[in-house]
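Okay, so here's the structure we're looking at.
The values are calculated or read from the model by the stated rules, or taken from the named source; none is laboratory data. All figures in this text were calculated on a predicted structure; none of them were measured in a lab. Note: ideal-geometry Cβ built from the backbone for every residue, glycine included; neighbour counts use all protein chains shown.
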Amino acid sequence: MLLRHTPEEITERTALTINPAKTCQPIGAMYAALGIHGCLPHSHGSQGCCAYHRSTLTRHYKEPISAASSSFTEGASVFGGQANLLQAINNIFTVYKPDVIAVHTTCLSETIGDDLKQIRKKAITEGKIPEGKYVIGASTPSYVGSHVTGFSTMVKTMTEFAESTGKKNGKVNIIPGWVEPADMAEIKRMAKLIGVDSIVFPDTSGVLDAPLTGEYKMFPDGGTTVEELKSSGDSVGTLALGEWCSAAAARELDKTHKVPCKVLDMPFGLKATDRFVDALRTIAGVSVSDELAYERGQLVDLISDMHQYFYHKKVAIAGDPDQLIAMTEFLVSIDMLPVHIITGTPGKKFEERIREITADMPCEVNVKAKGDLFLLHQWMKNDPVDLLICNSYGKYMARDEDVPLVRWGFPILDRQCHQYFPTVGYKGGLRLLEKILDRLLDRKERDDPEPKFELVL
Ligand code: SF4
């Protein structure tokens, strides 16, 4: 009973977070930067921040995450980190030879007031950035927003590469948001099946799910290339998957390069995937391919086969806004009852969207943005659920309340394989259903008396 001190009684808290449902901005910026081919993320702050961000990503993706640090000491903390960053840029290009250094700030460098744009200018003036190499910088103070904000800011920063030649390239930009490498690969596969030539950024497929070949590559083959990022300014349109993760970058491309954008939900579940496919189909001016229609039919078939086990099962979910919106819609569409929904990321719009999606549910729904897992646990104590969907930190609540847990979201520190199997799209929907039903039936079998312990469903 690790969380045995969590009381049932809920009291108003305004200035205290207990068991946060978010982590810090630079982790998101670092993950996004890894989706650029040949990019070395750089943490402009102290070594401790960088070590924490790298280790969290390493523990989730089970891959060594390379990132450099400005390694602030007392001097930099007082006088600013410009000298450290200039030295770092010089060292990194000399030793590691990346195509891009993607710098993000930390609480410390933000509090000092370091200006990344000005420091980059100085690096260019002093000849520290070799020809054909790039330094980009995102401001990611962790005392506002969350890891989602940091991800979004770094993705928006990537649009600085975009160029307009005046001639359209016939491609569609897809900004997938913070999803697993396998999800990014699946989004590319779906676009290809529809016949859409896409530029997906960021793209961590082939970076954080690369094969073990026996040969170490500092920069794996995957990732969006700088050439692709430059070309994104000539695309015919942008599809941003997720208001919180992707919309800012898409709107920036629209503003600066007149690339029209559409903001969609992340394609988790049947309806959101339908909307994504429809948007792709409309842009390409084609019909949906037979192969995709076949995959959709499989998902519909599985939903109808499994429906009896899902019907009116109560679910608590925690995670990031874009994922939760699509997941809530999916759960409602299969007649489950997502009754407690929490994200650590701020945003009143999130609560409004969830209220819309759950409006017709036959029960009360608790929803909170900028909430924490302590509150979610209290809700679960007051109104028990049949299933919890959460990242690894959900395991403590799951154990205390004796509720089955589906691990989904970020971070998943105590399981493997999540980076290899997509949960987006129709194929991903199959996997989500399998995970949910497995947990529910495992629990049923654990609790069933022997006469009900059936072999056949
Ligand atoms: S100091 Fe700020 S950036 Fe560094 S680990 Fe803590 S919250 Fe994150």
**Prompt:** Would you pick out the residues in segment 119-153 that are hydrophobic (A, V, I, L, M, F, W, C) and within 30 Å of the chain's Cα centre (by Cα)?
**Reply:** 119, 135, 136, 138, 144, 148, 151
**Message:** Condition first: over 17 Å from the mean Cα position of the chain (by Cα), surrounded by 15 or more Cβ atoms within 10 Å (Cβ to Cβ), charged (D, E, K, R) and closer than 27 Å to residue 275 by Cβ. Now tell me which residues in segment 391-449 satisfy that.
**Reply:** 427, 431, 435
**Message:** Please determine whether any residue of segment 221-237 is acidic (Asp, Glu), surrounded by fewer than 18 Cβ atoms within 10 Å (Cβ to Cβ) and not assigned by TED's automatic domain parsing to the domain that holds residue 61.
**Reply:** yes
**Request:** Would you list the helices (runs of 4 or more DSSP H) that sit entirely within segment 1-118 and hold 3 or more residues that are in contact with a Lys or Arg (Cβ under 7 Å, 6 or more places away or on another chain), hydrophobic (A, V, I, L, M, F, W, C) and surrounded by 14 or more Cβ atoms within 10 Å (Cβ to Cβ)?
**Result:** 82-95
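One residue is enough: does segment 408-421 have a residue meeting the conditions among the β-branched types (Val, Ile, Thr), in the same structural domain as residue 326 (by TED's automatic domain parsing) and touching a Ser or Thr at 6+ places or on another chain (Cβ under 6 Å)?
Yes, segment 408-421 has at least one match.
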**Message:** Can you tell me which of (1) touching a residue at least 40 places away in the same chain (Cβ under 8 Å); (2) under 24 Å from residue 429 (Cβ atoms) is the one residue 349 doesn't meet?
**Reply:** (2)
**Prompt:** Quick one: residue 76 ticks every box in (1) within 15 Å of the ligand (Cβ to nearest atom); (2) at negative phi; (3) at pLDDT 95 or above bar one, so which box is it?
**Reply:** (3)
**Asked** Is one or more of the residues making up segment 132-139 assigned by TED's automatic domain parsing to the domain that holds residue 202, in contact with a strand residue (DSSP E or B) (Cβ under 6 Å, 6 or more places away or on another chain) and assigned to a loop (DSSP other than H, G, I, E, B)?
**Response** no
**Fill in**
Among (1) surrounded by fewer than 20 Cβ atoms within 10 Å (Cβ to Cβ); (2) within 16 Å of the ligand (Cβ to nearest atom); (3) not small (Gly, Ala, Ser), residue 154 falls short only on (1)
**Asked** From 177, 166, which residue is more than 15 Å from the ligand (Cβ to nearest atom), surrounded by 23 or more Cβ atoms within 10 Å (Cβ to Cβ) and either assigned to a loop (DSSP other than H, G, I, E, B) or charged (D, E, K, R) (or both)?
**Response** 177
**Complete:** Quick count over segment 1-56, residues being within 13 Å of the ligand (Cβ to nearest atom), touching a residue at least 12 places away in the same chain (Cβ under 8 Å) and more than 26 Å from residue 82 (Cβ to Cβ), is 5
**Residue among 256, 282 that alone is out of contact with any Cys (no Cβ under 9 Å at 6 or more places or on another chain) and without any contact (Cβ under 8 Å) to a residue 60 or more places away in the chain** = 282
**Asked** Which one of the conditions (1) touching a Phe, Trp or Tyr at 6+ places or on another chain (Cβ under 8 Å); (2) touching a residue at least 12 places away in the same chain (Cβ under 8 Å) does residue 407 fail to meet, given that it meets all the rest?
**Response** (1)
**Item:** Any helices (runs of 4 or more DSSP H) falling wholly within segment 205-318 and containing at least 2 residues that are under 23 Å from the mean Cα position of the chain (by Cα) and of a type in the set (Lys, Arg)
**Value:** 269-284
